[in-house]
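FYI, it's all coordinate maths here, none of it is from the lab. Everything quoted here is computed from the prediction, not taken from an experiment. Cβ: placed from backbone, ideal geometry, glycine included. Neighbour counts: every protein chain shown.
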Amino acid sequence: MDHAELVALDHRYTLQTYGRYDVDIDRGQNATLYSLAGKKYIDFASGIGVLSVGTANPKWLAAITEQAGKLGHISNLYYTQPYAKLAQQLCQRTGMAGAFFGNSGAEANEGLIKLARKYSYDHYGQGRGTVLTLINSFHGRTSATLKATGQEAFHNYFFPFPEGFRYAQANDLASVQAQAGHDVCAVLLELVQGEGGVLPLERDFVQALAELCAQRDWLLLVDEVQTGVGRTGTLFAFQQYGVTPDALSFAKGIAGGLPMGGFLVGEKCRDTLGAGTHGSTFGGNPVCAAGALAVLDILDDSLLREVGEKGAYLRRRVEEMALPCLGKTRGLGLMIGVEVTDGYSNKDLSARLNEAGLLSLTAGPGLRFLPPLTITREELDQGLTVLEETLRGL
Ligand SMILES: *Cc1c(COP(=O)(O)O)cnc(C)c1O
């Protein structure tokens, strides 16, 4: 099958819910991918921050194939080693008290919302179910997580939306206080707003917010679906902010490309979700959990340190190019946003880069780079060359 035949087949039979680039991907190794026709692409996207250890990582591949040959699925009514061992690893490396596994980021955030409402119900009874979120956030595409997303553009078409969300300005404690009330049970936030434009929250704001949460017994819920699993240079971003969430969600990078999400809870709500209150048929699948254990094994201290170094290098090189269409860079670790200057469209620049051989993303009004955490210096340099050659002449 060639590219044109594949595009025709896709258009004929699939719901066209994605504005796809005119690119197909067939195979690859680490951050170097190839189309059906054999054209080479450097990966500065990792799916969307999913391929934490690159494509076809040998250690990950060995772990998932071994597990698939042994036990590919069993219901959550039985004990399995990968589920328990993964929970242990995540708790020991974060100081959290317990883990739940589902299949996606939105599902993980649904779990956080349920956790907060159940915690509040147990301690205060009904009428205290409102979750505060931040303007410009993104929390997923289920009905509740769409409504939790603090961007008006997402609150469309699918009425009626679930109730129980209010929005405050990021980095503005007064704005959060203005939304406080007897009905609030939690604050849900991303420490670096990803889809919103790669906008890191200010440390002082996050710490003040954590104090406010503690005073009011609101749960501090951190959405680490994009920032988690080493993306920002620590295993989770909260570890750089000097706060301890009551619970956090993760997904994208956790299982190295296999579908998995979940959440970690602290001691305070360790027992909030008891038997029968939450569950998932596929959640914590043994193959996905074995993949996640391999990912965590690969993301040791030295690799996490390299994430910071590679991120700094990539940002410095992009800024030194001084391309007319690009402005300042921002972000944390290998979660990088690049400003697009007035008069240029981020969607147009991103399409040009993808078609020229550099897989990259948009976020808010800018470009976004989320390379595999294992990307090599050579792959970074090759990607930077495509970037410069494609955008220099514009
Ligand atoms: C991607 C993302 C989600 C949604 O994850 P899905 O796996 O697509 O459901 C939620 N929150 C954040 C911060 C994300 O980046």
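Couple of notes before you dig in:
- Alpha-carbon centroids, the range 325-350 and the range 170-195: separation in whole Å: 26
- Helix axis angle, 346-356 relative to the chain longest principal axis, alpha carbon, degrees: 50
- Bridge type composition, the range 202-270 - antiparallel percent by DSSP, nearest 5: 50
- Distant-in-sequence amide H partners of residue 193 (H built 1.01 Å from N, under 5 Å): 199, 201
- Among the chymotrypsin sites (Phe, Trp or Tyr not before Pro) in the range 1-59, those placed in a DSSP loop whose Cβ has at most 12 other Cβ atoms within 10 Å are 18.
- Considering only 292, 307, 278, and ranking their Cα positions along the charge dipole of the range 264-334 that arises from unit charges at the beta-carbon of Lys, Arg, Asp and Glu, the one farthest toward the positive end is 307.
- Acute angle (nearest 10 degrees) that the helix 58-70 long axis makes with the longest principal axis of the chain, alpha-carbon atoms: 60
- Degrees separating the helix 105-124 axis from the principal Cα axis of the chain, which is the longest one: 10
- Within the chain, percent of DSSP bridges classed antiparallel, to nearest 5: 60
- Distance from the C-alpha centroid of the range 285-322 to that of the range 72-150: 24 Å, rounded to the whole angstrom.
- Take the Cα of residue 166, step 7 Å toward its Cβ, do the same at residue 267, and the gap between the two points is 3.2 nm.
- Estimated FRET transfer efficiency (residue 282, residue 27; beta-carbon r; R0 35 Å; 0.05): 0.85
- Relative contact order of the chain: 24 percent, from C-alpha pairs under 8 Å at least 6 residues apart in sequence.
- Under 5 Å between amide hydrogens, built in the peptide plane, is the criterion, and for residue 165 it picks out 131 among residues at least 5 positions away or on other chains.
- Given R0 = 30 Å, the distance between the Cβ atoms of residue 151 and residue 4 translates into a calculated FRET efficiency of 0.25.
- Computed extension length for residue 297-residue 385: 28.5 nm, one decimal, from 0.36 nm per residue of separation with the Cα-Cα distance subtracted.
- Helical contribution to [θ] at 222 nm, DSSP H n ≥ 4, -39,500 (n - 2.57), averaged over the chain, rounded to 500: -11500 deg cm²/dmol
- In terms of distances greater than 31 angstrom between alpha carbons, the cross-link table entries 59/118; 252/347; 39/252; 59/114; 252/328; 39/310 yield 59/118; 59/114.
- GluC sites (Glu not before Pro) restricted to DSSP loop in the range 91-187 with at most 16 other C-beta within 10 Å: 163
- Gyration tensor (alpha-carbon) shape descriptor, the range 77-146, a/c threshold 1.5: prolate
- Three-way shape label, the range 1-99, alpha-carbon gyration tensor, a/c 1.5: prolate
- Per-pair calculated FRET efficiency, R0 = 25 Å: residue 158 and residue 124 via Cβ, rounded to 0.05: 0.25
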